[in-house]
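Following: one structure in structure tokens, then a few remarks.
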Amino acid sequence: MTTIERAEVLVAGPGRNFVTLRLTTSDGVTGLGDATLNGRELAVASYLRDHVVPLLIGKDPARIEDMWQYLYRGAYWRRGPVTMTAIAAVDTALWDVKGKVAGLPVFQLLGGRSREGVLVYCHASGTDTASLVDDVARFRDLGYQAVRAQAAVPEVGGTYGVRKGLIYEPAATSLPDEQPWSTEAYLRFAPTYLEAVRDRLGFDFHLLHDVHHRLTPIEAARFGKRVEDVQLFWMEDPTPAENQESFRLIRSHTTTPIAVGEVLNSIWDVQHLITEQLIDYVRTTVVHAGGITHLRRIFDLAALYGVRTGSHGATDLSPVTQSAAVHLDLVVPNFGIQEYMEHAPETMEVFRSGVRFENGMLHPSEEPGLGVEYDDAAAERFPYDPRYLPVARRLDGSLHDW
Ligand code: EZ4
Ligand code: CO
């Protein structure tokens, strides 16, 4: 019998920090899984190295579903981002192996193409309304059919989602940066820049906005109602989702579509959001929600309730997750959109990926498996360097949701 012979946990910082699991079978086939949890990377690396790798050696790499159940139920301690990211890494690597063994790209194993490409949205931002409008126009010129728009709020000097250079990377400091926040200033300003984008550039592209958990349910309801004429594709994470019930209040006040899920890890975290049709798009991802196996389960549940997919795809999700997402997005009937941010050039030196962008869409390679290779020699040049996401404080100094 073919077995899993080696399992390596690779930690490197090419442009930003990534944790990657590489499995090698007794037949010499390798598979990659992303295990990156932004700002908490080494917790997952340890979970894998100390508690999962010993369980993998000698096991049958073909039994993906059984391995998922073994790592999930067998841990006794369930769910949570660290556990689900570790399980995701193993699951993704096993799909990569299975594809290579079968000689087929993973999307073929998942049921084959349902569409010609994967519609993506990019991140436009600006330090004020004028620079934001220019940035959206620039992305339209590059062929993007969907653009997320964020601008710095003048009275607080900056806010979530505003790029410094060409690459947006919020985890940029060796200790958490402290950023000011004023809900009142945001609520006054954000609708005006979204309106300016539509006034200047029209309605023939999808416009998205990420609230990034900054509002209470009733504030989010007011915001959604205020921007209805802008016709957002979605407002993302309008309020924290620990309390799934709070979305009912937002829903009852506005027709602005709602997207939630980038920080959620399991089907149970999104169960009521989906079955009670409290959201329009579910944003769970391969790496943080238990891998391809579990994400497919979430997406199938969502399909029953008319909820579409819109997976998280920021730069802290490695090119391995990006490729896995594109394979799955290509197949599921209820695909909505895929978030896409270009990785730093250093990242792409380590992860050689066959995913390509064309006319606002991503396309997987036709190579067997996921079509991503890890370059160990390149990774050597980029050691791990601890980085944290920022925190947000209200103007009175108290902590807010970032
Ligand atoms: O802040 O991935 O929609 N995208 C996002 C991201 C998240 C980061 C956190 O690691 O909200 O930019
Ligand atoms: Co987001």
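Before moving on, here are some points about what is shown:
- As computed over the chain, the Cα convex hull volume per residue (Å³): 130
- Each of Arg283, Arg387 has some number of other Cβ atoms within 10 Å of its Cβ, and from fewest to most they run Arg387, Arg283.
- Principal axis box of segment 113-272, alpha-carbon based, largest edge first, Å: 44, 39, 35
- For segment 276-369, the equivalent ellipsoid derived from the Cα gyration tensor has semi-axes of 24, 13, 12 Å, listed largest first.
- Put in order of Cβ neighbour count within 10 Å, fewest first, the listed residues Asp376, Asp269, Asp396 become Asp396, Asp376, Asp269.
- Phi angles across segment 332-349 convert, under the Karplus curve 6.51 cos²θ - 1.76 cosθ + 1.60 with θ = phi - 60°, into 3J(HN,Hα) values of 5, x, 9, 4, x, 7, 10, 5, 9, 10, 5, 6, 5, x, 4, 4, 6, 6 Hz, Gly and Pro given as x.
- Range of Cα positions in segment 288-342 per principal axis (Å), largest first: 31, 19, 16
- Of the peptides 188-198, 69-79, the order by per-residue mean of other Cβ atoms within 10 Å, starting with the highest, comes out as 188-198, 69-79.
- Between Thr3 and Asp141, the modelled label-to-label distance comes to 5.9 nm, taking each label 7 Å out from Cα in the direction of the beta carbon.
- Rel. contact order, % - alpha carbon contacts under 8 angstrom, at least six apart, segment 4-105: 32
- The 3J(HN,Hα) values that the Karplus relation (6.51, -1.76, 1.60; θ = phi - 60°) gives for segment 116-123 are, in residue order, 7, x, 10, 4, 10, 10, 10, 10 Hz. Gly and Pro appear as x.
- Loop-resident GluC sites (Glu not before Pro) (DSSP state other than H, G, I, E or B) in segment 330-382 with no more than 13 further Cβ atoms inside 10 Å of their Cβ: Glu366.
- Pairwise centroid distance, computed over Cα atoms, of segment 237-284 with segment 345-359, Å: 32
- Sorted by Cβ neighbour density within 10 Å, fewest at the top, the residues Arg6, Arg140: Arg6, Arg140
- Distances between every pair of Cα atoms in segment 324-369, grouped in 5 Å steps from 0 to the bin holding the largest one, split as 5, 16, 30, 25, 18, 5, 2 percent.
- Divided by 2.2 N^0.38 Å, where N counts the residues, the Cα radius of gyration of segment 4-105 comes to 1.02.
- Between amide H atoms placed 1.01 Å from N, distances below 5 Å from Ser114 occur with Val331, all of them 5 or more places distant or on a separate chain.
- Amide hydrogen neighbours beyond the local backbone of Leu208, cut-off 5 Å, H modeled: Val147, Arg148, Ala149, Phe233
- Distance between the 7 Å Cα→Cβ label points at Ala43 and Glu373: 3.5 nm.
- Amide N proximity, segment 82-121 versus Ala75 label position 7 Å along Cα-to-Cβ, cut-off under 13 Å: 82-91
- Taking a straight line from the alpha carbon of Lys59, these lysines sit under 16 Å away, with near neighbours fewer than eight places off in the same chain left out: Lys98.
- Cα-based radius of gyration for segment 255-319, normalised by 2.2 N^0.38 Å, reads 1.02.
- Here's how it looks for Gln179: its modeled amide H is under 5 Å from those of Val391, Ala392, Arg393, which are all 5 or more places away or on a different chain.
- Cα-based shape type of segment 148-219, given that a ≥ b ≥ c are square roots of the gyration tensor eigenvalues and the cut on a/c is 1.5: oblate
- Cα long-axis angle, helix 319-329 against the chain (0 to 90 degrees, to the nearest 10): 80
- Between Leu395 and Ala62, the contour length at 0.36 nm per residue exceeds the alpha carbon distance by 114.5 nm.
- Neighbours of Ile292, meaning other residues whose beta-carbon lies under 13 angstrom from its beta-carbon, give a summed charge of -3 when Lys and Arg score +1 and Asp and Glu score -1.
- J(HN,Hα) series, segment 395-402, from Karplus relation 6.51 cos²θ - 1.76 cosθ + 1.60, nearest Hz, glycine and proline x: 5, 8, x, 7, 6, 10, 6, 7
Quick note: the coordinates plus some simple rules give every number you see, no bench work behind them. Remember, predicted model here, so these are calculated numbers, not experimental data. Reconstructed Cβ throughout: ideal geometry from the backbone, glycine too, with neighbour counts over all protein chains shown.
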